[in-house]
Amino acid sequence: MEEKTALTISEFCKYYEIPVSFFDKLIEYELVEIQEENNIKQIKAYQINEIEKIIRLHFDLNINFEGLDVILNLLSRINELEEENNILKRKLQLYL
């Protein structure tokens, strides 16, 4: 069975019971990447976890789109720093 690699925005919004206008704002603030195929906007399946996180932050914690942008950038930077830290720890282990 072939696994879906993309979902239409309307399918996603219907499943999560969120308005399509929410995605328009996410696109406007460049918080998600979309692809268009035959004039149908789609999201890649690998983005679903990130979009779920955005939905929780926005709807459950009432974070506005500017706040979402800041939070996501900070979380991304933290992940980069953690990866760098792990690399440095492994290098240090070579000398101990």
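FYI, it's all coordinate maths here, none of it is from the lab. Note that this is a predicted model, so its numbers are computed, not measured. Methodologically, a virtual Cβ is constructed for each residue, glycine included, from the backbone with ideal geometry; neighbour enumeration extends over all protein chains shown.
Observations on the structure shown:
- Restricted to strands (runs of 3 or more DSSP E) entirely inside the chain, those with at least 3 residues that are free of Cβ contacts under 8 Å to residues at least 40 places away in the same chain are 35-37, 40-44.
- Scope the stretch 28-68; condition in contact with a helix residue (DSSP H, G or I) (Cβ under 6 Å, 6 or more places away or on another chain) and of a type in the set (D, E, K, R); matching residues: 41
- If you go through the stretch 1-27 and keep only what is out of contact with any helix residue (DSSP H, G or I) (no Cβ under 8 Å at 6 or more places or on another chain) and loosely packed, with under 11 Cβ neighbours inside 10 Å, you end up with 1, 2, 15, 17, 21.
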